[in-house]
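The structure under discussion appears below in the form of C-alpha cells.
Only the coordinates and a few stated rules stand behind these numbers; no lab work does. Values in this document were obtained by computation on a predicted structure and should not be read as measured data. Cβ placement follows ideal geometry from the backbone for every residue including glycine, while neighbour counts extend to all protein chains displayed.
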C-alpha cells in the first residue's frame, strides 16, 4: 500500500463555545470554534443544518455571506448576523 502524503497534519488547541438562541422564525444551535488558525476568524457550526462557515467581522458585513453559507433566508440571516456580531 502506498504511503499517504499529507499537505499538513497539525493538532491545535481550540476553545469551543456552544450557544443556542431562538429567533423570530427558527432556533439556532451553534458551536463556535476559536483557534489561532484562519487568520483569527471563528468556525461557526450550525448544528441544525450541519453547515459551517469560517467567519470574521468582515464576513458579517459582506452582503449575502450568511445567506449563502447557511442556506437561509435574508430575515433569518439578519438575526444570526446580529447575534454573531456580539460573539465574534
For helix 74-87, report the angle its Cα long axis makes with the longest principal axis of the Cα atoms of the chain; keep it between 0 and 90° and round to the nearest 10°.
-> 60 degrees
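Where does each of 20-27, 2-9, 39-46, 56-63 land if you order them by average Cβ count within 10 Å, highest first? Write down the numbers at each step before the final one.
Working: 20-27: 10.6, 2-9: 5.1, 39-46: 16.5, 56-63: 12.4.
So the order, starting with the most tightly packed, is 39-46, 56-63, 20-27, 2-9.
So for 47, 1, 72, fewest C-beta neighbours within 10 Å to most, what's the order? Present the calculation step by step, with values, prior to reporting the outcome.
Details: 47 13, 1 3, 72 20.
Ascending Cβ contact count within 10 Å gives the list 1, 47, 72.
For the chain, what does the helix formula give at 222 nm: sum of -39500 (n - 2.57) over DSSP H segments with n ≥ 4, over the residue count, nearest 500 deg cm²/dmol?
Values: 3 runs with 24 residues, N = 88.
Per the formula, -7500 deg cm²/dmol.
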Kindly provide log₁₀ I(q)/I(0) values, in the same order as q = 0.14, 0.21, 0.23 Å⁻¹, from the Debye equation applied to equal alpha-carbon scatterers of the chain.
-> -0.52, -1.01, -1.18
